Structure formats: C-alpha cells, structure tokens
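Data block below; observations after.
The values are calculated or read from the model by the stated rules, or taken from the named source; none is laboratory data. Fair warning: this is a prediction, and the values are worked out from it, not measured in the lab. Cβ coordinates were reconstructed from backbone atoms using ideal geometry, including for glycine residues, and neighbour counts include every protein chain displayed.
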Amino acid sequence: MSRRAWNGYLVVAAVAVGGYFLTPNDSWTQTLYAELVGLLATAAIVAGVGKHRPAARAAWLWLAAGQLLNVLGTLAEAVIGRVLHLATWPSAADVLWLGLYPGLVIGLLLLIRRRTQGHDWGSLVDATTITTGLGLLSWVFLIRPVADDSSLSLVARVVSIAYPVGDILVLAMVTRLLVGAGSRSLAFRLLAGALLLYLAGDATWAVINYVGLEPGPAAVRLLQMNFLTAYVLVGAAGLHPSVREVGEPATRRTLRLSPALLGLLTLASLLAPAILAYQVWRQDITDGVAIAVGSMALFLLVVTRMAQLLRQIERQSKQLSQLTRVDDLTGLPNRRAWSAELPIGIERARRDQVALSIALLDLDHFKRFNDEYGHQAGDRLLKSATAAWSAQLRAVDQLARYGGEEFIALLPGATAELATGVLERLRAATPAGTASRSRPTRPPPTRDQAPVNS
C-alpha cells in the first residue's frame, strides 16, 4: 500500500476527529462522526493486514474486532436513548463497549507471544510489578467501593467492576509489550500510543466519577476525542507497511533497566505504602488486607528482579573473564591465559618429577601470504592451522596463541625425543603448504625442579 494512501487516511481521519469537536453533544451528527472515525480505522486495520500480510495477522484482527465492538457500543447507546427512549443501565451498549477488552487483550497476547523467544522473565516481572501497583490502586478507589455499594444491583456492580478489571488486563499486556524486546517500528509506536490513550481516557473518566465532577460539553467532547484519536492510531498502525515488523520474533536481550522503567517500577512499588498513608491520614483504614497483600507481592517481585539482575551480572562477569583469556580468532587460550597456566604446569612437573616440554611455533612467510592474499585469507589460514595442530596434540597438551602468527604449546610429560616427534607431526599437518618453524624452549630451572625438556 502506497505512502500516499496512508497519508490520505491520516488526513481524512484527522479532519473527522477535528470536526467532532464542532458537533453538539448528544446529537446524531456527533454519533455519526464517531462512527465514521471508528469504522474507518477498523477498515484500515483490515486493509493493512490484507495488503502487508504481517506474521501476526490474527493479533491485528482481534484488535480490529475489539475496536469495532467499541464503536458499535456508541451507536447502540444512541439508539437506546434517542430511538427507544430507554434510560436503563447497564444496557446492551455496555456489552459492546466491554467487548473492546477481550479484543485488545487477546490481540496483544498473540503479539507478545510472536515477539518473544523463550522466556523473557525480566520483562514479565517488570510488567507484573507495574500492574500489581496500579491494580491495588484500582481496587482501593474503584473496584472495592462498587463491590460494597448495596444500592446497585448485582448486574450493575458486575458491569461497573468489569471496566477497571478490563483496564488492568490491558495495562498488563501493554506494559509487557513495552518493556519486552523486539522491533520499535512506526507501527509499534502508533499502536503503543493508541493503547496508552485508551488507558488514559478510562483513567480520566474514573477520576471524574470518583471525585464527582460534572464536565461541561467541551470537556466531554475532548474526552471522547481522546478515544477517537486512539482509533485513528490503531488504524494507522495496521495500515503502515512496518506492521510486518511488529510481530517478528525479537532477539534475546539482556536484563537491563532504563531510567524511565526504573522510575516507573519505583513508583509502582511505593503505591502500597502511599495508599496506606492516605488511609491513615483519613483515619479510615478500610483496605488493610489488600494493602498488606499488595505490599508483600511487590516486595517479592522487587527481590525477584534483583536476583535476576545479580544472576545476569554474574553471567556477564564470567563471559568477560572468558573473553580476556580466549583469542577471538582461533578460540585458543591467549597470551594472558598462557602466562597464568605456565607456572602451574611447571609446578606440577616439579611436584610429580616428570618431564615438561614447551614449543614455540610460527608460520613462515605469513606476512607475505597476508600481503598477497589479504587479511581474510590470513585469518582463515590461522584458524586452519589451529584446527590441524590441535588434532595432532594429545588431550593433555595445551596450545595457545602467543601473538600474530606465533603459537606456543605446553607438552606435559614429554621428553625431548617425544616433543620432537610431536613437532614433526605439527609441521606435516600445517595447511596451505606453508612451512612452520618450531623452536623448543626450556623454562629457567629452579632449585629441586624436575627436568624440563624441549
């Protein structure tokens, strides 16, 4: 799909969203504007999936289905109120509005599974920590008060609770998607922005209802435009060619904490004591059990994350230690490792009263070979020589790269005669017809040292 079509969609959608602000509240014109934006965005997702055929097609179709149900909920509300003149609540419109949540949750779950290779436990712990903190906040101020409100019918309480529960589930999926590894293409950023707008809009309405505010007509239109903008962004994400990259498997990533993520985790962890302090200040501790459970869960999640980071540091430390002792090109121990191993070999030979031979090898005319055939050919020759020589050595022998084209071998228990035979085998096995020189050397003797032969 051409860039012009994508730009055209954005222009039409932006005009429609902007025109919505000029429509009077509770009018059919306003409803038709909202339906136009929502249906256009849903159609854009379907068209983009059909054109670009992303790997996670099912995920995008679930997102489109959830958005379509939400759009139809607005139409159902208008029909119930203006055509049927019914003032019942909850109504069929709530069923359609709530359909947004399964579509978003299933779609995001499929995307996460496509993007994740193996188990990304670090991202899972981060997402769970943030969701736990905000979920506790939602329980104290939104869910528990409604659950205890005896003036509402059972159906009304279930529907009222379903909205914040749906937001918590979407929040968990969004957080897991954002903190996980994978492509950050334009389609991904558009989708993330839309999801955050959904959650921000619901949170704003929750705060308005909690404090008992009565927003004016302009404020209501602006809040509704927030959801319309989210529709547009999801449609733009599905229509953009980079939608193919959103569902691609991510490479394995290390456990790291960006400053923004660390700040968000800190805020989430402090929500439980902050809620407790608020209720103490009001002298009305009504959620002690929930706060205690939330605090314990957050503490365990923080400890788990710290343990993951410590294990990652230990693994990286071992890898770094390994890299400092291994030659990158040949995979042999390097000069540093050899310098550490030589005194051990000498001491072992002295203690066991056995012979020890050391041989220094290099490739004749290697510089000329490098100049004539190139450095890549020279690297291949060094690796070939390493493999050929290693195959001729005994299991107890140790071969190391000393530097450049020079190698050094430690031959425990080898007399001069045995060492000479080994070196002849190495000379014969040298690849590419390149002659090798071998210069036996003898470590400086020490008092009571066993014979060291070369």
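Quick notes on this one:
- A Cβ distance below 7 Å, combined with a sequence gap of six or more or placement on separate chains, defines the contacts here; from the stretch 125-149, residues that are closer than 10 Å to Pro164 by Cβ and aromatic (Phe, Trp, Tyr) reach residues that are modelled with pLDDT of 90 or more and surrounded by fewer than 21 Cβ atoms within 10 Å (Cβ to Cβ) in the pairs Trp139/Ala290.
- Unmet criterion (only one of (1) more than 17 Å from Val234 (Cα to Cα); (2) of a type in the set (D, E, K, R); (3) in contact (Cβ under 8 Å) with a residue 40 or more places away in the chain) for Arg53: (1)
- Failed item in (1) surrounded by fewer than 19 Cβ atoms within 10 Å (Cβ to Cβ); (2) more than 26 Å from Arg244 (Cα to Cα); (3) in contact (Cβ under 8 Å) with a residue 40 or more places away in the chain, with Leu98 passing the rest: (1)
- Every residue from the stretch 396-408 that is of a type outside the set (Lys, Arg), under 17 Å from Arg325 (Cβ atoms) and touching a strand residue (DSSP E or B) at 6+ places or on another chain (Cβ under 9 Å): Gln398, Leu399, Ala400, Tyr402, Phe407, Ile408
- Flag for Pro412 being more than 18 Å from Asp362 (Cβ to Cβ), modelled with pLDDT of 90 or more and either over 47 Å from the mean Cα position of the chain (by Cα) or crowded, with 16+ Cβ neighbours inside 10 Å (or both): yes
- Checked across the stretch 326-333, the condition of being surrounded by fewer than 18 Cβ atoms within 10 Å (Cβ to Cβ), closer than 30 Å to Leu124 by Cβ and either within 34 Å of the chain's Cα centre (by Cα) or not acidic (Asp, Glu) (or both) holds for no residue.
- Odd one out for Leu86 among (1) of a type in the set (A, V, I, L, M); (2) under 24 Å from Leu68 (Cβ atoms); (3) assigned to a helix (DSSP H, G or I): (3)
- Some residue of the stretch 290-301 being surrounded by fewer than 12 Cβ atoms within 10 Å (Cβ to Cβ) and in the same structural domain as Glu405 (by TED's automatic domain parsing): no
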